[in-house]
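Asks: Below is the structure I would like to discuss, written out as structure tokens.
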Amino acid sequence: MKKLIYIALITFSFSMVSQNNSAFEDGKSFYKEASYEAAIQSWMSILEAGEHSAALYYNLGNAYFKLNQIAPSIYYYEKALMLAPGDSDIQNNLAIAQNQTVDIIEPLPKNLISTWIDNAIAAFSFDVWAWMTVFLIFVFSILFLIYFFSRKSSKKRISFSISFIVLIFAIVSLYISYKSYNNFVNNRSGIIFAQSTQVQSEPLNRSEISFVLHEGTKVEILSEEDDWVRIKLADGKDGWMLKKNLKEL
């Protein structure tokens, strides 16, 4: 009986993969024919089946951009970038879509080290940095063993020097991996989907309006209270807005 269940599960898995591949290719065909809504339907069926990938999100972003739906296009480009941080095509298309938004937000200035760390985090996903750390620690271990068991003083000096450098890189890689994972898990962000939305000083309809945001703008989500979310912009401004006007990444 167990064997039959395993066979059925394997058969079902292969069937789902085949269907998703077919839907992905159908979407590409629709896209080439400029049938962007049909392409979106095909690709959305894959998401509804529980599968996702950077390529899928990227194509959805392209299709929505062709339909001049800026907020969804930015949303899916951002989703793609979360899975493939260093992809230049995704970065370029996201920048083009962001240029279509109304809000111009200047990020707060950062020092050189913070900028370097942010660029490093953006280059690869946290799992790539984690594997890089493991590899560097492995290389350090080999070099340290060579230093420990070698009898020649020249070989000891060389292996010790190189192992020390590799260890520093391993520590840096571990730190970036931790920061990247922490950002992925704890930092919540979203895209404004409403054409315009008021950001208020308190989570109350009668509270003072601090500023107005428009569709496609990316915000950081700080907290929630009933139907409201507290958001923060890259320039440091923050306030409360209705949750329904935002789609979390």
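The values are calculated or read from the model by the stated rules, or taken from the named source; none is laboratory data. Model, not experiment: these values are computed from the prediction. As a convention, Cβ positions derive from the backbone with ideal geometry for all residues, glycine included, and neighbour counts pool all protein chains shown. Quick note on the areas: whole protein, heavy atoms, side chains included, nothing else; ligands and nucleic acids left out. Shrake-Rupley method; radii C 1.70, N 1.55, O 1.52, S 1.80 Å.
Asks: Name the helices (complete DSSP H segments) of the chain with a Cα length along the long axis of 30 Å or more and a Kyte-Doolittle mean of at least -1.0, or state none.
Replies: 2-32, 126-149, 153-186
Asks: Can you give the net charge of the other residues whose Cβ lies under 12 Å from the Cβ of LEU246, counting K and R as +1 and D and E as -1?
Replies: +1
Asks: I would also like to ask the following. Counting only protein heavy atoms and a 1.4 Å probe, tell me what percentage of the chain's accessible area is made up of carbon and sulfur.
Replies: Heavy-atom surface of the chain belonging to carbon and sulfur, 1.4 Å probe: 59 percent.
Asks: Next up: In segment 44-198, how many lysine pairs have Cα atoms under 30 Å apart, counting only pairs 8 or more places apart or on different chains?
Replies: Going through segment 44-198 pair by pair, I get 4.
Asks: Sort segment 39-115 into rounded, prolate or oblate with this rule: let a ≥ b ≥ c be the square roots of the eigenvalues of the Cα gyration tensor; rounded if a/c is under 1.5, and if a/c is not under 1.5, prolate when a/b is larger than b/c, oblate otherwise.
Replies: oblate
Asks: Next question, about the same structure. I need to check one value: relative contact order of segment 57-106, counting alpha carbon pairs closer than 8 Å and at least 6 residues apart, in percent.
Replies: Relative contact order comes out at 35 percent.
Asks: Go ahead and estimate [θ] at 222 nm for the chain from helices alone: -39,500 (n - 2.57) per DSSP H run with n ≥ 4, summed, over the residue count, rounded to 500.
Replies: The helix-only estimate for the chain comes to -21000 deg cm²/dmol at 222 nm.
Asks: Can you pull the one-decimal nm distance between simple spin-label points at GLU106 and ASP227, each 7 Å off the Cα toward Cβ?
Replies: Placing both labels 7 Å beyond Cα along the Cβ direction yields 3.6 nm.
Asks: Continuing with the same structure: Can you give the alpha-carbon Rg of segment 74-203 over 2.2 N^0.38 Å, where N counts its residues?
Replies: Ratio of Cα Rg to 2.2 N^0.38 Å: 1.52.
Asks: While we're on this one: Please work out the Cα center distance from segment 52-77 to segment 109-178, rounded to the nearest Å.
Replies: Taking the Cα centre of each part, segment 52-77 and segment 109-178 sit 37 Å apart.
Asks: In addition: If we count every other residue with Cβ under 15 angstrom of LEU83's Cβ, Lys/Arg +1 and Asp/Glu -1, where does the sum land?
Replies: -4
Asks: Now a separate question. Ranked by accessible surface with a 1.4 Å probe, highest first, in what order do ARG151, ARG157 come?
Replies: Most to least solvent-accessible, the answer reads ARG151, ARG157.
Asks: Counting only C-alpha contacts under 8 Å and six or more residues apart, can you give the relative contact order of the chain as a whole percent?
Replies: Answer for the chain is 15 percent.
Asks: What does the C-alpha gyration tensor say about the overall shape of the chain? Classify as rounded when a/c is under 1.5, otherwise prolate if a/b is larger than b/c, or oblate.
Replies: Oblate, since a/c reaches 1.5 and b/c is not below a/b.
Asks: Turning to a different aspect of this structure: Mind checking the per residue accessible area of segment 97-164 for me, 1.4 Å probe, whole number of Å²?
Replies: 78
Asks: Sticking with this structure for a sec: Can you pull the percent of Cα pairs in segment 198-249 with separation above 15 Å?
Replies: Tail of the P(r) past 15 Å holds 35 percent of the pairs.
Asks: Let me ask something else about it. Rank these residues by their accessible area, most exposed first, probe 1.4 Å: LEU174, LEU204.
Replies: From most accessible down to least: LEU174, LEU204.
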